[in-house]
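Peer 1: Questions regarding the structure given below will be posed in turn.
The values are calculated or read from the model by the stated rules, or taken from the named source; none is laboratory data. What you see is a predicted model; the values in this text were computed from it and never measured. Every residue, glycine as well, gets a Cβ built from its backbone with ideal geometry; the counts of neighbours run over all protein chains shown.
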Amino acid sequence: MKPFNHNYFLGYVNEVTPQYIKIHFPSSVLLSKFHFDGVNYAGGNVGNFIVIEGEEYGFLAQLTELKLSDSEKKELTEKAIEHKESDFHPIGKAELLLSFSVFNPEKVEKTVSKYPSIGAKVYSCSDEQIEKYVKEFGKKDADSNVYAILGKLTSNNAECHISLNSLFGRHCAVVGTTGGGKSWTVSKLIESITTQTSNKVILIDATGEYHTLKTKSFILGTDSYFPYQKLSIPDLFYLLRPTGQSQRPILLEAIRSLKIVKIQNNGQNTYKKENQSKLAYLTLYQQNIKTIEDNSCNFDINYLVSQIKEECVYQSGFSDLTKWGGADNKTYDYQTSLISRITDLLNTDIFNQLLGLQTVPKKSDGTNYLSIIDGIDTFLTSTTDSILRISFENIPSSFSAKEIVSNALAAYLLNKARKRDFVENPVVLVIDEAHQFLNKNVRDDFFEMQSLDAFDLIAKECRKYGLFLCLATQMPRDIPIGTLSQMGTFIVHRLINEKDKQSIENAASSANKNALSFLPILGEGEALLIGVDFPMSLLIKVDKPNKPPRSDTPKLKKK
Ligand SMILES: Nc1ncnc2c1ncn2[C@@H]1O[C@H](COP(=O)(O)OP(=O)(O)OP(=O)(O)O)[C@@H](O)[C@H]1O
Ligand SMILES: [Mg+2]
């Protein structure tokens, strides 16, 4: 690579400040695009890359402004442009991005304290040179580095080979307004993972638009369900909203008792407590404490209401402390709202279809729905499938069903990650339309906030466990700030709302103001790539994926 050659000379540095440098171009002719020695040079236009020659260090910079001096502005007439072009002497402003040693121009580092000197020569930067730099970004291990070929830089004809480990290693967020190209980019990312690596992708498809991937798929509530036994206790609490003081302890006791009933397996459906000895119960509890306190809902929920009645007894008999006392009607009265919520839940069709509360739901042909948990487990051990699509297209947004089921799925994967199932072979969990699933809170009757936080915990904990999140959303401000600040990479499509821009600016500290100013004017499929591993941000036009999701805007019809 020969970055400095008089054949692609552009001008001279004539002002240096910590924020920018200014360049004097001896002739406007020098600024147009050109080829030299079979290599493309983009010339000097706003957004183009340039290199600056120093004694020890060279610099990569990006042109942000071009203008004529005040005196020359007046001479700008059509005639002058046609005949005496070379008389113009434009002035340019550029932002310094990276520096490199002149003896080893292939290796770049972020500039901090080095600056070019006045009079330093400025050259056009070849597509080839910029391509090489991008390929080095975030490179971890020279031999095993894998790349996503996302597309080309908008300023140059340079292909962007982006290190996949840097893209996903600290989670990745794809953001932008509707129609900006997020879903297409997500498709492209999935394509890169599955063609370049042997890793697996689990895709949560909110609308079913990714059916075009023709991959292993489950449509929740239509051919598969999330068995309620695998819900965590907090998920069940989210559904039932027991009030703090009076209902929570009773509900927890009822769950324990029903788990003991299951362990006993003696034909009883509930555990009778009224005036009974506590000894047998306590012995069983001690022997099976791990199973009982495993935070799962592994009991028969259809007997929960009956068991709650059993729980409403005095804690001990009048004379005999080893026994429970008689029925406590006052406590039972307090359970009325909880009991009606359980009854409602058991009789809501959506939840029966989604969670198999009463029985395993059946398809129209009479066969049972598949358990999504079994589906995930089979997928993770499969040697042929690399993408698992879990579609939420038929889940209504009522009753927070989407949030609860997606959170339960995430919690299941989080537990697997904590058991180090993914350390050897990391899995990427992709969620399009993430604002539908994340940052959900409910208020219970006592206004206590409860949040569904499995995705948040994945973002915070699972980098080291090899479970990587890739979120796509229209509304970054709707993603919990804790989750957003864990994202190492941002692919930002067109973004107009100030608050959204602000949340990206806050979360991606490495983004420079200049780059962010492009966000409102990006076209379809154009995006700004910002990441902790990338020493500078890149404006990319993402290539069309091989199997784009079905998301085109329906057209109004001519009469
Ligand atoms: N990389 C691209 N190249 C060419 N066209 C693109 C590209 N990305 C997106 N488009 C066009 O933009 C349309 C919308 O893209 P996409 O569905 O990815 O947007 P989105 O950001 O996911 O929108 P929404 O938030 O509504 O889901 C696509 O149907 C396609 O026509
Ligand atoms: Mg989309």
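Peer 1: Given the criteria part of a helix (DSSP H, G or I) and either within 28 Å of the chain's Cα centre (by Cα) or surrounded by fewer than 16 Cβ atoms within 10 Å (Cβ to Cβ) (or both), does ASP294 qualify?
Peer 2: In short, no.
Peer 1: What is the one condition in (1) in contact with a strand residue (DSSP E or B) (Cβ under 7 Å, 6 or more places away or on another chain); (2) within 16 Å of ligand 1 (Cβ to nearest atom) that THR177 does not satisfy?
Peer 2: Only one criterion is unmet by THR177, namely (1).
Peer 1: Tally time: how many residues in segment 14-42 are out of contact with any His (no Cβ under 8 Å at 6 or more places or on another chain), buried (at least 18 other Cβ atoms within 10 Å of the Cβ) and over 22 Å from SER517 (Cβ atoms)?
Peer 2: Total satisfying the criteria: 1.
Peer 1: Now for a separate question. Inside segment 513-534, can you point out the residues that are more than 11 Å from ligand 1 (Cβ to nearest atom) and surrounded by fewer than 19 Cβ atoms within 10 Å (Cβ to Cβ)?
Peer 2: Of everything in segment 513-534, those that are more than 11 Å from ligand 1 (Cβ to nearest atom) and surrounded by fewer than 19 Cβ atoms within 10 Å (Cβ to Cβ) turn out to be LYS513, ASN514, SER517, PHE518, PRO520, ILE521, VAL532, ASP533.
Peer 1: More than 11 Å from ligand 1 (Cβ to nearest atom), at pLDDT 85 or above, assigned to a loop (DSSP other than H, G, I, E, B) and of a type outside the set (A, V, I, L, M, F, W, C): does that describe LYS555? Don't jump to the end; show me each part of the working.
Peer 2: Working: more than 11 Å from ligand 1 (Cβ to nearest atom): yes; at pLDDT 85 or above: no; assigned to a loop (DSSP other than H, G, I, E, B): yes; of a type outside the set (A, V, I, L, M, F, W, C): yes.
Here the answer is no, as LYS555 does not meet what is asked.
Peer 1: Which condition number does PHE318 fail, the rest of (1) touching a Pro at 6+ places or on another chain (Cβ under 8 Å); (2) closer than 20 Å to LEU282 by Cα being met?
Peer 2: (1) is the only condition that PHE318 fails.
Peer 1: Condition (residue is modelled with pLDDT of 85 or more, closer than 20 Å to LEU429 by Cα and in the same structural domain as PHE468 (by TED's automatic domain parsing)) applied to segment 493-513: is it met by at least one residue?
Peer 2: Taking every residue of segment 493-513 in turn, none turns out to be modelled with pLDDT of 85 or more, closer than 20 Å to LEU429 by Cα and in the same structural domain as PHE468 (by TED's automatic domain parsing).
Peer 1: Under the condition of being surrounded by fewer than 24 Cβ atoms within 10 Å (Cβ to Cβ) and within 19 Å of VAL542 (Cβ to Cβ), which residue from segment 204-219 is nearest to ligand 2 (Cβ to nearest atom)?
Peer 2: That would be GLU209.
Peer 1: Identify, from the list GLY375, GLY356, the residue that is touching a helix residue (DSSP H, G or I) at 6+ places or on another chain (Cβ under 7 Å) and of a type in the set (Gly, Ala, Ser).
Peer 2: On the way: GLY375 fails: touching a helix residue (DSSP H, G or I) at 6+ places or on another chain (Cβ under 7 Å).
After applying the criteria, what remains is GLY356.
Peer 1: Among the residues of segment 397-438, what is the count of those that are of a type in the set (Val, Ile, Thr) and either assigned by TED's automatic domain parsing to the domain that holds LEU345 or more than 21 Å from LYS460 (Cβ to Cβ) (or both)? Steps first, please.
Peer 2: Applying the first criterion (of a type in the set (Val, Ile, Thr)) to segment 397-438 yields 404-405, 423, 427-428, 430-431.
Now drop any that are not either assigned by TED's automatic domain parsing to the domain that holds LEU345 or more than 21 Å from LYS460 (Cβ to Cβ) (or both), which leaves 405.
Of the residues in segment 397-438, 1 are of a type in the set (Val, Ile, Thr) and either assigned by TED's automatic domain parsing to the domain that holds LEU345 or more than 21 Å from LYS460 (Cβ to Cβ) (or both).
A quick yes/no check of all residues on (1) touching a Lys or Arg at 6+ places or on another chain (Cβ under 9 Å); (2) modelled with pLDDT of 85 or more:
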| site | (1), (2) |
| --- | --- |
| LEU76 | no, no |
| SER86 | no, no |
| PHE100 | yes, yes |
| ALA120 | no, yes |
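Peer 1: Same structure again: Out of LEU150, LEU189, report the one residue that is within 13 Å of ligand 1 (Cβ to nearest atom), in contact with a Cys (Cβ under 8 Å, 6 or more places away or on another chain) and over 23 Å from ALA459 (Cα atoms). Spell out the reasoning first.
Peer 2: Details: LEU189 fails: over 23 Å from ALA459 (Cα atoms).
Residue meeting the stated conditions: LEU150.
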